[in-house]
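The values are calculated or read from the model by the stated rules, or taken from the named source; none is laboratory data. Computed from a predicted model, the values in this text were never measured in an experiment. Every residue, glycine among them, receives a Cβ derived from its backbone with ideal geometry; neighbour counts consider all protein chains shown.
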Amino acid sequence: MSMMFAPRLTEAAAPTTHAAPTWSPYDNNGGTCVAIAGEDYCVIAADTRMSTGFSILTRNYSKIHQITDKSVLASSGFQADIRALQKNLDARHQIYQHQHSKQMSCPAMAQLLSNTLYYKRFFPYYAFNVLGGLDSEGKGCVYTYDAVGSYERSGYSSQGTGMQLIMPVLDNQLKSASPLVLPLRQSTTPLSEVEAVDLVKDTFASAAERDIYTGDGVEIVIVNRDGIRHELMDLKRD
Amino acid sequence: MEIDEHIGCAMSGLTADARTLVEHGRVETQNHRFSYNEPMSVESTTQALCDLALRFGEGDEESMSRPFGVSLLIAGHDDNGPCLYHTDPSGTFWQCNAKAIGSGSEGADTALQEHYDLNMTLEEAETLALSTLKQVMEEKVTSSNVDIAKVAPTYHLYTPQEVEAVIQRL
C-alpha cells in the first residue's frame with residue numbers, strides 16, 4: 001500500500017520526443033529585391049526567377065506589387081504568403097480610401113505593413129519586404145522590413161537571397177548617414193534617376209553570377225512625380 | 001476638450017454623454033496614429049463620432065437604449081487647413097465656418113453671421129467669439145466662467161490669464 005504512494009526517486013521524467021517534421025508550412029521561392037530612394041524618385045527592382053529547392057518554377061514571376069499611386073512593394077521569400085500579404089494590404093487600402101477619401105501616403109502604408117506583419121508574430125508571413133515610393137513631400141522613400149514587421153526608413157535597401165551580395169555594393173556606392181546621427185541628415189541619394197537605375201542593373205547582374213536563386217531577368221519600377229514606369233532587363237539564366 | 005493634438009471639441013447638452021463620445025474620439029485617433037503613423041483627418045474623426053452617435057454606442061453590451069443627448073463642435077487642423085464641424089444626436093454632421101450651439105445659439109448664430117469674415121485674424125476671432133458669448137450670457141463674462149480653446153495648429157486651452165487678456169479687449 002505504501003509503495004503505491006512512494007515518490008519515484010530513480011526514474012527521471014521521460015522527455016517527450018517529436019518525430020522530425022516531414023511537412024513545413026513554408027517554402028523559400030528565392031529571389032532578391034532592391035530599392036533606392038532619390039531626391040524626387042524611387043527605384044524598386046526585383047529579379048523574376050521563382051525557384052523551389054534546386055529547381056526553377058518559372059523564369060518570369062513578378063515580385064513587385066503596386067499598392068497605391070505612390071507606394072510599391074517588393075518582396076522575396078515564400079510567394080504564397082507574399083500574395084496573401086499583398087491582397088491583405090490592397091483590401092486595407094481600399095477601406096482606407098472609402099473612410100478617408102484619399103489614398104494612403106507611403107509612410108502610412110509603411111506603418112500599416114509593419115502592423116500587418118506583427119499581427120502574425122506567432123505564425124509569420126515568410127516575406128522579406130522592401131517598400132518604396134514617394135512621401136507626402138514628393139521625396140523618395142525606402143522602407144525595409146524583417147519577417148515580423150520591424151522596419152526602418154532608409155535611402156536604399158535590399159532583401160532576399162542575393163541581399164548579402166548586393167548590400168555591400170550599395171553601401172559603397174550610396175553610403176548615407178545613419179539615421180541615428182544628429183543633426184538628422186538626408187537619407188536620399190544625390191544620384192540622378194538614370195544613374196540609380198544603372199546601378200541597380202549592375203548590382204543584379206553581379207548578384208546573378210554567384211547567387212543561384214537570382215537570375216533570368218530583373219523587373220525595375222521607377223516612381224516619380226510623373227507616375228510609375230517599368231523596365232525589364234535580362235539576366236543570366238544558369 | 002482635447003481629442004488629439006490637432007483636434008478639440010466643445011459640447012452642449014447632456015455633457016455626461018459627451019465624455020463617452022470624446023473618449024471614443026481619442027481612442028479612434030490614437031488607433032489611426034498607431035496603424036498609419038499619421039494624424040487622423042478632422043472629417044474622419046467627426047465621422048467616427050457620428051457613427052457612434054448613430055448606433056447609440058458600440059457593440060451589444062455597451063450600447064445605450066437612447067441617443068447621445070449632446071451636440072458637439074469639432075475644431076481641428078489637418079491637411080486641408082483649419083476646419084470646424086457641427087454634430088447632433090442624429091449622427092449628422094455639417095462643416096461650418098462659424099457656429100454656436102446651446103440655449104443661446106439662435107441669437108449667437110445671427111451675430112456670427114453678421115460679423116464673421118473668412119480672413120479674420122486669430123485675435124479678431126477671439127474677440128468675436130467672446131463678445132457673442134457675452135451677448136447671450138446672463139452673467140458678466142469673467143475668466144472664471146468662460147473657457148476658450150484654440151487649435152492653431154495644435155490644441156491649446158487658454159489659462160485664466162489668457163482669457164482675461166481677451167476679456168480686456170472686449
Review point. Within region B:51-81, which residues are surrounded by fewer than 18 Cβ atoms within 10 Å (Cβ to Cβ) and touching a strand residue (DSSP E or B) at 6+ places or on another chain (Cβ under 7 Å)?
Key: B:69
Exercise for review: Scan region B:6-47 for residues that are within 14 Å of chain A (Cβ to nearest Cβ) and in contact (Cβ under 8 Å) with a residue 40 or more places away in the chain and report the count.
Suggested key: 5
Check your understanding: Counting only residues that are farther than 24 Å from residue B:78 by Cα and touching a residue at least 12 places away in the same chain (Cβ under 8 Å), which one in region A:86-113 is farthest from the other protein chains (Cβ to nearest Cβ)?
Key -> A:86
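Would region B:62-70 turn up any residue that is assigned by TED's automatic domain parsing to the domain that holds residue B:18, assigned to a loop (DSSP other than H, G, I, E, B) and within 22 Å of residue B:8 (Cβ to Cβ)? Walk me through how you get there before you give the answer.
Taking region B:62-70 as the starting set, the residues that turn out to be assigned by TED's automatic domain parsing to the domain that holds residue B:18 are B:62-70.
Add one more test, that the residue is assigned to a loop (DSSP other than H, G, I, E, B), and what stays is B:62-69.
The next check asks that each one be within 22 Å of residue B:8 (Cβ to Cβ); those that pass are B:68-69.
For region B:62-70, residues assigned by TED's automatic domain parsing to the domain that holds residue B:18, assigned to a loop (DSSP other than H, G, I, E, B) and within 22 Å of residue B:8 (Cβ to Cβ): present.
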Exercise for review: Keeping to region A:114-146, report how many residues are crowded, with 23+ Cβ neighbours inside 10 Å, farther than 24 Å from residue A:39 by Cβ and either out of contact with any Gly (no Cβ under 7 Å at 6 or more places or on another chain) or within 12 Å of another protein chain (Cβ to nearest Cβ) (or both).
Suggested key: 1
Practice item. Search region A:129-148 for residues that are charged (D, E, K, R) and pair each with any residue that is surrounded by fewer than 23 Cβ atoms within 10 Å (Cβ to Cβ) and part of a strand (DSSP E or B) when their beta-carbon atoms are under 9 Å apart and the residues are at least 6 apart or on different chains. Key: A:135/A:153
**Study point:** Residues of region A:147-158 that turn out to be part of a strand (DSSP E or B) and away from chain B (no Cβ under 14 Å), as a count
**Key:** 4
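Being basic (Lys, Arg) and either under 17 Å from residue A:63 (Cα atoms) or in contact (Cβ under 8 Å) with a residue 60 or more places away in the chain (or both) narrows it down to one residue among A:120, A:201, A:175; which is it?
A:201
So that you can scan it fast, the table gives a plain yes or no per residue for (1) surrounded by fewer than 17 Cβ atoms within 10 Å (Cβ to Cβ); (2) under 13 Å from the mean Cα position of the chain (by Cα); (3) in a helix (DSSP H, G or I):
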{"site": "B:8", "(1), (2), (3)": "no, yes, no"}
{"site": "B:16", "(1), (2), (3)": "yes, no, yes"}
{"site": "B:27", "(1), (2), (3)": "yes, no, yes"}
{"site": "B:43", "(1), (2), (3)": "no, yes, yes"}
Practice item. Return the pairs, sorted by first residue and then second, in which the second residue is among the acidic types (Asp, Glu), the first residue lies in region B:85-109 and is at pLDDT 90 or above, the beta carbons are less than 8 Å apart, and the residues are 6+ apart or on different chains. Key: B:85/B:43; B:91/B:51; B:95/B:43; B:99/B:109; B:100/B:109
Check your understanding: Of these, B:105, B:131, B:143, which one is in contact with a His (Cβ under 9 Å, 6 or more places away or on another chain) and surrounded by 11 or more Cβ atoms within 10 Å (Cβ to Cβ)?
Key -> B:131
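For (1) within 24 Å of residue B:20 (Cβ to Cβ); (2) in contact with a helix residue (DSSP H, G or I) (Cβ under 6 Å, 6 or more places away or on another chain), each residue gets a yes or a no:
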{"site": "B:83", "(1), (2)": "yes, yes"}
{"site": "B:98", "(1), (2)": "no, yes"}
{"site": "B:106", "(1), (2)": "no, no"}
{"site": "B:111", "(1), (2)": "no, yes"}
{"site": "B:116", "(1), (2)": "no, no"}
{"site": "B:119", "(1), (2)": "no, no"}
{"site": "B:122", "(1), (2)": "no, no"}
{"site": "B:141", "(1), (2)": "no, yes"}
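Looking at the structure I just gave you, is residue A:77 surrounded by 14 or more Cβ atoms within 10 Å (Cβ to Cβ), more than 14 Å from chain B (Cβ to nearest Cβ) and touching an Asp or Glu at 6+ places or on another chain (Cβ under 8 Å)?
So residue A:77 does not fit the description; no.
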Review point. Does residue B:21 count as within 30 Å of residue A:135 (Cα to Cα) and within 13 Å of the chain's Cα centre (by Cα)?
Key: no
Practice item. Could you tell me whether region A:50-67 includes any residue that is within 14 Å of another protein chain (Cβ to nearest Cβ), among the hydroxyl-bearing types (Ser, Thr, Tyr) and surrounded by fewer than 24 Cβ atoms within 10 Å (Cβ to Cβ)? Key: no
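Can you tell which of B:139, B:123 is of a type in the set (D, E, K, R), in a helix (DSSP H, G or I) and at negative phi?
When all the criteria are applied, what remains is B:123.
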**Study point:** Condition check for residue B:113: farther than 23 Å from residue B:15 by Cβ and at pLDDT 95 or above
**Key:** no
Check your understanding: From the list A:103, A:111, which one is touching a helix residue (DSSP H, G or I) at 6+ places or on another chain (Cβ under 9 Å), outside any helix (DSSP H, G or I), closer than 30 Å to residue B:47 by Cβ and not basic (Lys, Arg)?
Key -> A:103
